[in-house]
Every structure is written in structure tokens, then in C-alpha cells.
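The values are calculated or read from the model by the stated rules, or taken from the named source; none is laboratory data. A quick note: this is a predicted structure, and the numbers were derived from the prediction, not measured. Virtual Cβ from ideal backbone geometry, glycine too; neighbours counted across all protein chains shown. All accessible areas refer to the heavy atoms of the entire protein, side chains included, with ligands and DNA or RNA removed. Shrake-Rupley method; radii C 1.70, N 1.55, O 1.52, S 1.80 Å.
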Amino acid sequence: MRHSNLKGFPKDFLWSASTSAYQVEGAWNEAGKGRSVQDVKTSYPEGTSDFKVASDHYHHMEEDIALLAEMGLKAYRFSIAWTRIIPDGDGEINKEGVKFYHKLIDECLKHNIEPIVTMYHFDLPFELEKKGGWSSRATIDAFLKFSKVLFEEYGSKVKYFLTINEQNMMILHGSVIGTTAEENDNRWKIAYQQNHHMLVAQAKAMELCHTICPNSKIGPAPNISSVYPASSKPEDYLAAQNFTAIRNWLYLDMAVFGRYNATAWSYFEEIDAVPKIEEGDMEALKNAKPDFIAFNYYSTATVKANNYDKNAKDLTGDQQLALGEAGVFEGAKNPNLEKTQFGWEIDPIGFRITLREVYDRYQLPIIITENGLGAFDKLEDGTVHDAYRIEYYKKHLHEIKEALTDGVKVFGYSPWSAIDLVSTHQGVTKRYGFIYVNRDEFDLKDLKRYKKDSFHWYKKTIEENGGNIE
Ligand code: BGP
């Protein structure tokens with residue numbers, strides 16, 4: 001639909017920006033912090049840094065928040081490192097860790113920045129992982145213990161909590177993110193059991209939040225993208241439905257409606273990955289009600305029918321790679337989309353499509369908690385001329401306006417990332433921030449902060465409530 005007049009952004013729109021603890025904080029073993037699964041990784045993709053120092057935000061916190069305030073942020077999304085609060089995951093509480101996040105939250109509030117807290121962003125305590133991680137039901141209780149501390153400590157100051165960042169990506173790509181131990185033959189059986197436990201943990205945490213801090217709001221934060229069929233062949237359309245069920249709706253149907261998506265469930269049956277459900281689980285899942293949906297959006301996906309026989313032994317390497325899921329879907333390239341320097345497809349219109357799909361299905365207010373462009377930024381004369389990033393944001397914000405005009409309720413936008421940090425698996429040189437952090441992969445330099453061109457542009461965008469994006 002082409003609208004002749006686009007609606008503007010709501011008056012109280014939350015202009016925000018995002019980070020996550022292990023990617024930005026550093027100080028990985030200071031002030032009583034325990035080790036997370038991200039701290040114990042032994043191998044990293046060639047030429048990329050670990051997360052030990054990251055952007056050293058832990059030691060630059062006041063300075064960083066002052067910069068975000070200067071940029072005019074109305075909100076800041078960060079995550080709390082579970083291992084700072086409870087170093088071994090389910091034992092003693094670490095007062096120093098609790099204090100750090102009080103300081104961070106107070107610093108935000110001092111500058112009139114609304115803190116948006118992600119409770120768990122890829123950094124499960126290693127001590128829990130050693131005891132089985134999400135395969136163990138004890139991790140559900142550990143998460144609730146941690147949640148209780150967060151709600152009791154910060155609930156009176158934090159209006160927005162996000163439960164689990166990109167649970168769907170941890171399940172689908174855990175070995176790349178570093179959240180799953182080695183893949184093995186039983187991979188999906190294990191993964192979907194872990195998934196079930198995470199869903200129960202999330203549901204119970206949402207209820208707990210509503211009990212302990214009734215003035216706070218809470219929601220899930222998966223990575224959602226619409227899935228296109230590679231052609232108008234009905235088989236390809238079916239493959240797109242399959243993939244969207246196991247990539248998107250499995251997670252959100254459960255968070256919102258408290259039930260397993262039927263297509264996803266039939267897929268579990270097909271691949272022998274039906275999770276064991278214990279008494280009380282479905283009730284807990286049903287009782288939990290999110291107040292909003294947060295989702296991260298980078299691009300859409302495109303798939304086609306997958307006719308490979310999963311039992312065939314004579315596939316070539318390429319065929320193996322393209323396999324996706326035999327009989328379910330096969331990943332395809334979308335020739336209509338441009339790509340980033342890192343090969344990620346860019347699809348602003350797909351953003352509008354995804355927003356419409358999510359809103360039509362769930363009718364809950366939406367906040368975008370990640371969206372952004374990773375690039376090889378160059379520091380020149382004390383700044384970075386990142387016109388490409390500004391272009392990217394303008395196009396995506398335009399599509400939010402289209403979606404708002406379509407009737408979708410979007411109440412905030414929190415691009416990735418507020419400040420340069422260490423990418424999940426592509427190092428420091430893949431930069432996303434509005435603020436440049438002066439370090440290389442292995443040379444920490446002076447970690448000085450520099451405002452990029454996009455910093456000034458985003459500041460103006462916020463001042464004009466999006467009036468400058470057309
Ligand atoms: C999301 C994660 C973030 C962040 C981002 C960019 O999946 O929630 O933690 O890393 O993607 O991805 P990458 O760092 O791999 O470029």
C-alpha cells in the first residue's frame with residue numbers, strides 16, 4: 001500500500017541504542033565477576049579478538065553515558081551480566097556487581113535516559129553450563145533466582161525489562177554464537193529441550209516481574225525476520241512457511257499465546273526432537289503475558305523447497321552446505337537485495353513487512369531492540385565519515401513510518417549499537433556504533449571515544465523526532 005501521507009513518530013517515541021554486557025563491558029574477571037560461557041571460549045574466528053577488554057565500558061561508564069546523553073538518547077538498552085550478579089549462576093550474590101548496575105541505571109536516570117534492561121544476552125554462567133546448562137531444569141530455577149534479584153534491586157527504577165536476547169538464534173546457531181557446546185548427532189533433540197526450558201524460564205520470569213514490580217513492563221526479545229519464498233512455486237512458499245514457523249513463530253507464539261506453534265511441533269515430531277514437558281509447564285507458559293514485543297531485525301530470509309533426502313550419503317560438500325533442513329527448507333540468495341561489507345543482506349522494506357506480520361499476529365506494542373550496519377569504519381581526523389550507516393538508518397526509519405501509518409504500534413527504536421563493541425563472531429573491526437572506540441583486534445591502543453558522523457545525525461534525528469529522515 002502506498003500512503004499519500006505518512007504518520008510521524010509518536011511524541012513519546014523511545015529513541016534508544018543498544019549494547020550487551022559481554023560485548024562492551026570488559027573487566028571480565030574484576031569485582032567478583034564469575035566466568036560466563038563467553039569468557040571461557042578457547043577459539044575465536046581467525047584474526048578476531050576475545051571479549052576480555054571489549055570497549056572497557058566497565059571503566060568508562062560515566063563517560064559513555066554522558067556521550068549517549070549528549071546524543072540525546074531517550075532510552076539505552078544494555079544487558080546485565082548474570083555472572084556479575086551471581087558469579088556461579090545460582091549461589092551467592094556479588095554485592096559489587098549489584099552496585100555496578102545501580103550506578104549504571106542511576107547514571108542513565110540522571111540524564112533522563114530510560115534504562116531498558118536485557119536480563120540475559122548470550123552469557124550463561126559457565127558454572128551452570130558445566131552442570132548441563134539449559135539442558136538441565138535446574139537452570140530454570142537459577143534464572144528465576146537471578147531474575148528475582150534484578151526485579152527486587154532495580155524494579156523500582158527500570159520500566160522495561162527484556163527476558164532473553166535472541167533465544168531463537170541461540171537455538172539455531174548456538175555454536176556460532178558460543179552458547180552451545182559442540183554439535184552432535186542429537187543436536188535438535190538437545191536444542192529443543194533446552195529451548196523448552198528457556199521458554200518456561202522466560203514465562204515464569206515474566207510473571208515474577210509482574211508480581212514484584214507491577215509498574216515495570218517485560219517482553220521477549222527474539223530476532224525476527226520475514227521469510228520470502230525464492231519463487232512463486234507453491235513448494236517454495238511452503239518452505240517459507242516451514243522456516244518462519246521454526247525461526248519466528250515457535251518463539252513468539254509461546255511467549256504471547258502460551259502454546260507451541262503447530263507447524264513447529266509437527267517438525268519436532270518429524271525429526272525426533274519433541275521436548276519433554278513436565279507437569280505445570282504448559283500452565284506456566286499459558287499464564288505468562290508479555291506487555292510488549294521487542295525484536296531485533298537485520299534482514300529478511302529467503303528459502304526454497306528442499307528435496308534432498310536426509311539419509312542420502314553421497315551428497316557433495318556444496319549440497320551438504322545448502323541442505324538447510326532436508327524436506328523442510330533450503331536457504332536461498334535474494335538477488336534483489338544489496339549487501340553490507342560483511343555480506344549481510346539489507347532489506348528496509350522487509351522491515352516494514354516484518355513489523356506488519358508481527359503486529360497483525362500478536363497485536364502488542366513493538367519496540368525494535370536491534371537494527372544496524374556492521375562496517376570497516378575508518379578513523380580520520382578524529383571522526384568517522386559513516387554516510388553508509390546514516391543511509392541505512394534513514395531507510396529503516398522511513399519504513400517504521402510506513403508501518404506506523406499501516407497501523408502498527410511501534411513505541412521505540414534501539415539500533416545496534418550505541419558504541420563500538422566486539423561483534424558476536426567477527427571481532428572489533430566489524431563496527432556498529434555511533435561512537436568509535438579506538439582499539440584494534442589485538443592492540444588496545446588508548447580506547448578513546450570519538451563521535452562518528454552518524455552520532456551527529458542521530459542527535460538531530462532525535463531532536464526533530466525523526467523529522468529529518470526523508
Ligand atoms: C545480534 C546479537 C548482538 C549482535 C548483533 C550483530 O544477533 O544480539 O549481540 O552481535 O547480532 O551481530 P554480529 O556481531 O555477529 O555482527
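Okay, residues lined up against (1) open to solvent by 60 Å² or more (accessible area, probe 1.4 Å); (2) at pLDDT 95 or above; (3) more than 19 Å from Asn296 (Cβ to Cβ); (4) within 16 Å of the ligand (Cβ to nearest atom):
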residue	(1), (2), (3), (4)
Val149	no, yes, yes, no
Ile164	no, yes, no, yes
Gln167	no, yes, no, yes
Asn184	yes, no, yes, no
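Say whether the condition of being closer than 14 Å to Ala205 by Cβ, at pLDDT 95 or above, surrounded by fewer than 22 Cβ atoms within 10 Å (Cβ to Cβ) and not aromatic (Phe, Trp, Tyr) is met by at least one residue in the range 151-162. Taking every residue of the range 151-162 in turn, at least one turns out to be closer than 14 Å to Ala205 by Cβ, at pLDDT 95 or above, surrounded by fewer than 22 Cβ atoms within 10 Å (Cβ to Cβ) and not aromatic (Phe, Trp, Tyr). Give the number of residues within the range 214-235 that are more than 16 Å from the ligand (Cβ to nearest atom) and open to solvent by less than 10 Å² (accessible area, probe 1.4 Å). Counting residues in the range 214-235 that are more than 16 Å from the ligand (Cβ to nearest atom) and open to solvent by less than 10 Å² (accessible area, probe 1.4 Å) gives 3. Against the condition of a type in the set (Phe, Trp, Tyr) and within 18 Å of Glu166 (Cβ to Cβ), how does Phe243 come out, does it pass? The answer is yes for Phe243.
Quick test for you: out of Asp123, Asp106, pick the one residue that is within 16 Å of the ligand (Cβ to nearest atom) and either within 28 Å of Asn223 (Cβ to Cβ) or open to solvent by 10 Å² or more (accessible area, probe 1.4 Å) (or both).
On the way: Asp106 fails: within 16 Å of the ligand (Cβ to nearest atom).
Among Asp123, Asp106, only Asp123 is within 16 Å of the ligand (Cβ to nearest atom) and either within 28 Å of Asn223 (Cβ to Cβ) or open to solvent by 10 Å² or more (accessible area, probe 1.4 Å) (or both).
Once the range 339-383 is narrowed to residues that are away from the ligand (no atom under 16 Å from the Cβ) and closer than 20 Å to Ile469 by Cα, the residue that is nearest to the chain's Cα centre (by Cα) is Leu355. Across the range 323-350, the qualifying residues are those that are in contact (Cβ under 8 Å) with a residue 40 or more places away in the chain and among the aliphatic types (A, V, I, L, M), and the one among them that is surrounded by the fewest Cβ atoms within 10 Å (Cβ to Cβ) is Ile349.
State all residues of the range 22-42 that are touching an Asp or Glu at 6+ places or on another chain (Cβ under 6 Å) and either under 30 Å from Asp406 (Cβ atoms) or not β-branched (Val, Ile, Thr) (or both); if no residue qualifies, say none. Before the answer, list the steps.
First, pick out the residues of the range 22-42 that are touching an Asp or Glu at 6+ places or on another chain (Cβ under 6 Å): 22, 26, 28, 31-32, 34, 36-38.
Across the range 22-42, the qualifying residues are Tyr22, Gly26, Trp28, Ala31, Gly32, Gly34, Ser36, Gln38.
Number of residues in the range 72-86 that are crowded, with 22+ Cβ neighbours inside 10 Å and assigned to a loop (DSSP other than H, G, I, E, B) equals 4.
Tell me which strands (runs of 3 or more DSSP E) are completely within the range 353-470 and hold 3 or more residues being crowded, with 21+ Cβ neighbours inside 10 Å and of a type in the set (A, V, I, L, M), or say none if there are none.
Numbers: elements: 366-370, 410-413, 435-437, 449-451.
Fully inside the range 353-470 and qualifying: 366-370.
Among the residues of the range 203-234, the ones that are touching a strand residue (DSSP E or B) at 6+ places or on another chain (Cβ under 8 Å) and not small (Gly, Ala, Ser) come to 13 in all.
Here's the yes/no breakdown for (1) closer than 24 Å to Asp377 by Cα; (2) of a type outside the set (Lys, Arg); (3) touching a residue at least 60 places away in the same chain (Cβ under 8 Å); (4) within 16 Å of the ligand (Cβ to nearest atom):
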position: Asp406; (1), (2), (3), (4): no, yes, yes, no
position: Phe411; (1), (2), (3), (4): no, yes, yes, no
position: Ser414; (1), (2), (3), (4): yes, yes, yes, yes
position: Val428; (1), (2), (3), (4): yes, yes, yes, yes
position: Lys445; (1), (2), (3), (4): yes, no, no, no
position: Trp457; (1), (2), (3), (4): yes, yes, yes, no
position: Lys460; (1), (2), (3), (4): yes, no, no, no
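So, in the range 214-240, how many residues would count as being under 22 Å from Leu162 (Cβ atoms) and assigned to a helix (DSSP H, G or I)?
Qualifying residue count for the region: 0.
Of all residues assigned to the range 389-396, none qualifies as being among the hydroxyl-bearing types (Ser, Thr, Tyr), more than 16 Å from the ligand (Cβ to nearest atom) and farther than 25 Å from Tyr22 by Cα.
Scanning the range 1-39 for residues that are modelled with pLDDT under 95 and among the hydrophobic types (A, V, I, L, M, F, W, C) returns a single hit, Met1.
Quick check on Val428: is it in contact with a strand residue (DSSP E or B) (Cβ under 7 Å, 6 or more places away or on another chain) and within 20 Å of Ala17 (Cα to Cα)? I'd like the intermediate steps shown before the answer.
Working: in contact with a strand residue (DSSP E or B) (Cβ under 7 Å, 6 or more places away or on another chain): no; within 20 Å of Ala17 (Cα to Cα): yes.
No.
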